[in-house]
1. Testing the spin-label approximation: label points 7 Å from Cα along Cα→Cβ at Phe86 and Leu226. State their distance in nm.
2. So which GluC sites (Glu not before Pro) in region 158-187 pass both tests, a DSSP loop state and at most 16 other Cβ atoms within 10 Å of the Cβ?
3. Counting only protein heavy atoms and using a 1.4 Å probe, what share of the accessible area of region 71-225 belongs to carbon plus sulfur, as a whole percent?
4. Over all directions, what mean area does the Cα convex hull of region 85-199 project, stated in square nanometres?
5. Say the dipole of region 75-174 comes from +1 at the beta carbon of Lys and Arg and -1 at that of Asp and Glu; which of Met167, Ser90, Ser128 then lies farthest toward its positive end?
6. Which loop trypsin sites (Lys or Arg not before Pro) in region 72-146, with loop taken from DSSP, have no more than 13 other Cβ atoms within 10 angstrom of their Cβ?
7. Given a 1.4 Å probe, how much area per residue of region 188-265 is accessible, in Å²?
8. Across the Cα atoms of region 124-272, what radius of gyration and what greatest pairwise Cα-Cα distance (Dmax) are found, in Å?
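The values are calculated or read from the model by the stated rules, or taken from the named source; none is laboratory data. Everything numeric here is computed off the predicted structure, so don't read it as measured data. Virtual Cβ from ideal backbone geometry, glycine too; neighbours counted across all protein chains shown. These area figures cover heavy atoms from the full protein model, side chains too; ligands, DNA and RNA do not enter into them. Shrake-Rupley method; radii C 1.70, N 1.55, O 1.52, S 1.80 Å.
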Amino acid sequence: MMVSPRCHWREGRYSLVTVALLAGVGAAIAECSLPQVVSIWGGYGSEPGQFLGASDIARDSAGGIYVVDVVLHRVQKFDENGNFLFGWGSYGQADGQFWGPTGVAVDHEGNVYVTDRGNMRVEKFDSSGRFLLKWGECCSGPGRFDFPAGVTVAGGHVFVVDEDGRMVQKFDREGNFVDGWSSPSFETPAGVAVDDNGNVFVVDTYAEQVTKFDSSGVELERWGSLGQGDGQFIAPHGIGVDGDGNVYVMDRINERVQVFDNNGGFKCKWGSNDPEAEIRLVAPTGIEFDGRGRIYLSDSSRGMTLQVPTSLSPASWGDVKKKYRE
């Protein structure tokens, strides 16, 4: 089976999709509480509901969970309890096929956007997986891609980061180019998130850093370096922002999630591949939130669902940032 070029992927060693609950137990660390695993769904393999390379996760307003698999070239949909519903996609270049799909996002109408990295395009589907449209071609320039990676939907726009093109591109929901920008610090930008103020956050895998831009692409902050300490990363992949503006970084090779304030101040971390760890992560890649205080993670061949600690204000978490909100 072929895998997309420049596919910086380490296959998971465990055949599980984990669902965890942030129940507020354990010691609070810098305003964060240790999550608890609630249930496990999925598995390592190629059967329906299993994964070989879960690289991103998204949720629609009806509770549907979408996981994209970079190795199996497909998208799978689950209910909010992790029960497999259906999937679509196969290796190829035709409409609805993929070559190393990497990112997934959902808009407020339930339309699903997938970055088809090897085919240098974005594909759009309805909530049942029916192909709607596509845009992009090789290589650099407005509306073109050189390995598109992360994707998110905010403010009625689709934001895509391009690994080798080293750009953030902004489109309307029909694929028309709106704006784009870069940073001299970019090496392989892999994930993108947008907060409620329109600020754009990009995580860069090989630069091992996060860059914050305002809504017009002006660089505001940058943090991170190579390492295992707090605020350091090894091959980070995904990124998300909650309703309070906290930034979550999937620190993939360090097998953990790190949480920062909106300007990059370290708050806490959780996760480990230690078999005795309360939250066992293999290679976290994507994150998503819902309006009930739950957090969803894609973790290599696993997926996780977490719920906010009771120690946090329900009002604060009631409007958690969601990809499908805009």
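1. With each label placed 7 Å out from Cα toward Cβ, I get 4.6 nm.
2. Glu174, Glu187
3. 43
4. Mean orientational projected area (region 85-199, Cα hull): 7.0 nm².
5. Met167
6. Arg130
7. Here the per-residue accessible area is 29 Å².
8. 15.1, 44
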